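Encoded as C-alpha cells, the structure appears first; notes follow it.
The values are calculated or read from the model by the stated rules, or taken from the named source; none is laboratory data. Predicted model, so just to flag it, every value in this text is computed and none were measured. Counting neighbours? That spans all protein chains shown, and the Cβs are built from the backbone with ideal geometry, glycine included. The protein model used for the area step is the full one, side chains on, heavy atoms only, and it has no ligands, DNA or RNA in it. Shrake-Rupley method; radii C 1.70, N 1.55, O 1.52, S 1.80 Å.
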Amino acid sequence: MQEMMQGKNRILLFRKLSDQRTAAAKLVFQTSHTFSYSRSLDAILTKDGRIIKVGPLESEVSLEAIQAKNDPVSKMLKEAVIKGEKLELWEVSVDEELKTSEGKYPAVYAQGFLGSWEDSAGAEDEATVSSTFTVELEPQFGEATLTAEQEDAVQYAYTDTIAGEEPGGVEG
C-alpha cells in the first residue's frame, strides 16, 4: 500500500561551492519549498502536422522560512545573493523508512545561484525570508549522508529520563 510523503520530511541543505571542506547546513525554521522542473515546448507546424521542439531543462527551488536570530546559514545565503556566489543545494528526504542500509537518505543535488532574498517583517506575524534558487545545468539524483549535527538539526530523537543519555539525531 502506498503512503503519503510528508513535506516536513523533505529539507534543504546549503553550502557555498567554495566551502566544500565544510559540511552543508540546514536553514532553520523552513516552512515550505518547491523544487520545480520545466521545459519550453514549441509547437512547429509542418506540412505533415504539428511537431514539438523540446527546450532545455530549467529548474529552480523557491523557499520560505521563518527568520531565526543569529542563524549563520541565513546570513551566508543572504551574502551569497549580494555577492553573486555559487551555492550547492541538497533536497534530502529524511523519512526513516526511505533510509538505506548504509544510512543514507534519498536526495537531489544541484549547483546554482540565489536570485533573490526577501526579508519580510509584518507587525503581527513572524519575520520571514523567501528566496529563489536557480539551478545551473541539471539536478542530480542520489543519496546523501547526514552528519550527527545535520540529523540533530532535523529532529531530536527520544531520550530517556535517566542520567547519562546522549542526545540523539533522527529517531530510527
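A few remarks follow.
- Simple rule: put +1 on each Lys or Arg Cβ and -1 on each Asp or Glu Cβ in the chain, find the dipole, and look at S130, G115, T31; the Cα lying farthest toward the positive end is G115.
- Reach of K8 by Cα under 20 Å, taken over lysines that are not fewer than 8 positions away in the same chain: K26, K99, K104
- Heavy-atom accessible surface of the chain, averaged per residue, reaches 68 Å², computed with a 1.4 Å probe.
- Max-minus-min Cα coordinates of the range 76-132 on each principal axis give 46, 32, 15 Å, with the largest extent listed first.
- Placing +1 on the Cβ of every Lys and Arg and -1 on the Cβ of every Asp and Glu, with nothing else charged, gives the range 13-81 a dipole about its Cα centre of roughly 140 debye.
- Low-density loop positions, trypsin sites (Lys or Arg not before Pro), the range 44-138 - DSSP coil, at most 16 other Cβ in 10 Å: K47, K69, K86
- Note on the range 1-96: Kirkwood radius taken over Cα pairs, Stokes-Einstein applied at 10 °C and 1.306 mPa s, translational D equal to 97 µm² s⁻¹.
- Comparing E85, E64, E118 in a Gaussian network model of the chain (Cα springs below 10 Å), the most mobile by mean-square fluctuation is E118.
- Cα centroid separation - the range 19-55 against the range 58-90, whole Å: 19 Å
- Using only alpha carbons, the chain has a radius of gyration to Kirkwood radius ratio (Rg to Rh) of 1.06.
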